[in-house]
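Here is the structure we will look at.
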Amino acid sequence: MNPGTDLKPDAVDVDHLFCEAFELLGKLISTPSFSREEAGTADVLEAFFAKNKIKTSRVGNNVWATNKHFAEGKPTILLCSHHD
């Protein structure tokens, strides 16, 4: 926490998150990823998640992440889309 700011120690830095998301989107868009040829964008996603200490799984070009509260016995939602 910086002295003289209204931020709480655990406050989310929205500007930082925006910059990270913008940079990730730029990398995804600039990486060729035709259907069934998404290995490059899958690599980009895995690197992004690893950098942010988010657990991932991967089969082929399919990458998925689970949050720290994931439990196999609980209901799960899987969002499936083209990477970019």
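Write down the Kirkwood hydrodynamic radius of the chain, to one decimal in angstroms, obtained as one divided by the mean of 1/r over all alpha carbon pairs. Mean inverse Cα-Cα distance, inverted, gives 15.1 Å.
The angle separating the long axis of helix 14-30 from the principal Cα axis of greatest extent in the chain is about 20 degrees.
Here the calculated FRET efficiency for HIS83 and ALA11, from their Cβ-Cβ distance with R0 = 22 Å, stands at 0.15, rounded to the nearest 0.05.
Phi-derived couplings, Karplus 6.51 cos²θ - 1.76 cosθ + 1.60 at θ = phi - 60°, listed residue by residue for the stretch 56-67: 10, 10, 8, 10, x, 9, 8, 10, 9, 10, 10, 7 Hz, with x used for Gly and Pro.
Over the chain, accessible surface divided per residue gives 86 Å², non-protein components excluded, 1.4 Å probe.
I'd like the orientation of helix 39-51 relative to the chain: the angle between its Cα long axis and the longest Cα principal axis, in ° from 0 to 90, rounded to 10. The angle comes out at about 30 degrees. Of the solvent-accessible surface of the chain, computed with a 1.4 Å probe and all protein chains present, 59% belongs to carbon and sulfur.
The values are calculated or read from the model by the stated rules, or taken from the named source; none is laboratory data. This is a predicted model, so every value here is computed, not measured. We place every Cβ from the backbone using ideal geometry, glycine too, and count neighbours over all the protein chains shown. Please note that ligands, DNA and RNA were not included when accessible areas were found on the heavy atoms of the full protein model with its side chains. Shrake-Rupley method; radii C 1.70, N 1.55, O 1.52, S 1.80 Å.
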